[in-house]
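The values are calculated or read from the model by the stated rules, or taken from the named source; none is laboratory data. Since we're looking at a predicted model, the values are computed, not measured. No Cβ is skipped: glycine too gets one built from the backbone with ideal geometry, and neighbour counts run over all protein chains shown. Please note that ligands, DNA and RNA were not included when accessible areas were found on the heavy atoms of the full protein model with its side chains. Shrake-Rupley method; radii C 1.70, N 1.55, O 1.52, S 1.80 Å.
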Amino acid sequence: TAPPVLIAPETSEPDQRWFLVRDREEELAELVRWLKHRSGSPHESVRPPELDRFGVVFQRPLPYLYLARQVLTDGEVPYQALDALPLSGEPFSATIDSIFAFLESEANRTSIIELLSSPHLSLGSALHPAEIADLDARLQDMKYAGGWLERLRGSESPDAPKSRGSKARKTERALAAATAAVDGLRSVVDAGTASAQIDALLGFLQTFDRRPVDDASWASRHLRARAAIVAALQALRDAHARHDDQRLDIVELSGSVRRWIDSQTFAPRTGGDGIRLLDAAAAPYSDLDEIRIVGLVERDWPEPARRSIFYPSSILTNLGWPADASRTAAGRAEFHDLLHAPASRVSASLFT
């Protein structure tokens, strides 16, 4: 029933009631040092609670969810993230970007090397990095700037000079992999309907998918992110087939797919124990002994109101929209609830 105690830093400023650091990354790093310092204290009253009874609360999940991967992991502090991340931020999304760069440029040199070097596709998995580098050098020598590899196929004719033939033999396997990519993706360009184009893209991903090693630490997250992206592509294909199946050029198709993926979120299963990372909306409903509020800067707390670009405030007020003063009062009330959310202690940090 007693309110939680506000923990202030040990500084020369007696009135400073918050931890002051350089930036958001340093907030998490300072938190790790502070927790470990308290863990080694001989006074039991100072020691932190069990890690799964401690919460880090933020108004904006990003970039804290990304920073936690590095800072808390390096500090050997386990954590649980209970929020969704943008699907476009997952590494497998970069593979979709590489494929569309390959299509938009008609397989130019840069896109070929990028596609063969992708760790998520099996195109270049059997190749030695030196073979890909040799192909890159050969394409540079030929001043190859795209064209679906027709020029390279022509250079393999029996009448080709012998001096060029030795270099061609060194790049034969890499060129075969690039040709397989062309053969697998040309139907994305040539298909007669948008749904068929996306279906061809899905077929390419299925044919050249490279599964991670089962014991890799990132395998589960990668497979779930890949499944989410494939599901997004399938939903977009079905939407085109049902409502507007007119064929798209590659730039339009690329923009449509990227916007679709950008609109999706991805909820990774990050940890099963340890510190809880919570946003300000969820934290008051949590059952924790102690919390640290981070990012306590004016532009985040309270969360700024979104103004309407269509109607002036006078009209909205008459329609019952809350005034700015009411929003500020509501933000203060929410923050008051947050300060009283933990059972025993609360602390706050901000950055310069």
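Since only Phe204, Ala231, Ala180 are under comparison, the one whose Cα sits farthest along the positive direction of the charge dipole of segment 171-245, derived from C-beta charges on Lys, Arg, Asp and Glu, is Ala231. FRET efficiency for the pair Val189 and Asp300, taken as 1/(1 + (r/R0)^6) with r the Cβ-Cβ distance and R0 = 56 Å, rounds to 0.80.
Calculate the translational D of segment 292-352 in whole µm² s⁻¹ from Stokes-Einstein, where the hydrodynamic radius comes from the Kirkwood formula applied to all Cα pairs, the temperature is 25 °C and the viscosity 0.890 mPa s.
Values: Rh = 13.7 Å.
This corresponds to a translational diffusion coefficient of 179 µm²/s.
To the nearest 20 debye, what is the magnitude of the charge dipole of the chain about its Cα centre, counting +1 on the Cβ of each Lys and Arg and -1 on the Cβ of each Asp and Glu? Numbers along the way, then the final one.
Details: 41 positive and 50 negative charges, 136 e Å.
For this selection, approximately 660 debye.
In terms of its Cα atoms, segment 1-155 spans 81, 29, 28 Å along the principal axes, sorted from long to short.
Solvent-accessible area assigned to carbon and sulfur over the chain amounts to 52 percent, based on a 1.4 Å probe. Summing Lys and Arg as +1 and Asp and Glu as -1 over all other residues whose Cβ lies under 13 Å from the Cβ of Ser111 gives a net charge of -4.
For the chain, the longest principal axis of the alpha carbon atoms and the long axis of helix 194-207 meet at an angle near 90°.
Could you give the length gained by full extension between Gln206 and Ser263, i.e. 0.36 nm per residue of separation minus their alpha carbon distance, to one decimal place? List each step's numbers first, then the result.
Numbers: separation 57, 0.36 × 57 = 20.52 nm, distance 2.29 nm.
This chain segment gains 18.2 nm when fully extended.
With all projection directions averaged, the alpha carbon convex hull of the chain covers 26.4 nm².
Averaging the Cα positions of each part gives two centres, and for segment 72-127 and segment 249-307 these lie 21 Å apart. Annotation: Thr265 carries an accessible surface of approximately 100 Å², with a 1.4 Å probe and no ligand, DNA or RNA atoms counted.
Heavy-atom accessible area per residue, segment 45-103, 1.4 Å probe: how many Å²?
Numbers: 2390 Å² over 59 residues.
That works out to 41 Å² per residue.
Placing +1 on the Cβ of every Lys and Arg and -1 on the Cβ of every Asp and Glu, with no other charges, gives segment 1-122 a dipole of roughly 280 debye about its Cα centre.
The label point for Arg38 and the one for Arg17, both projected 7 Å from the Cα toward the Cβ, are 1.7 nm apart. One Cα centroid belongs to segment 1-22, the other to segment 43-62; the line between them spans 14 Å.
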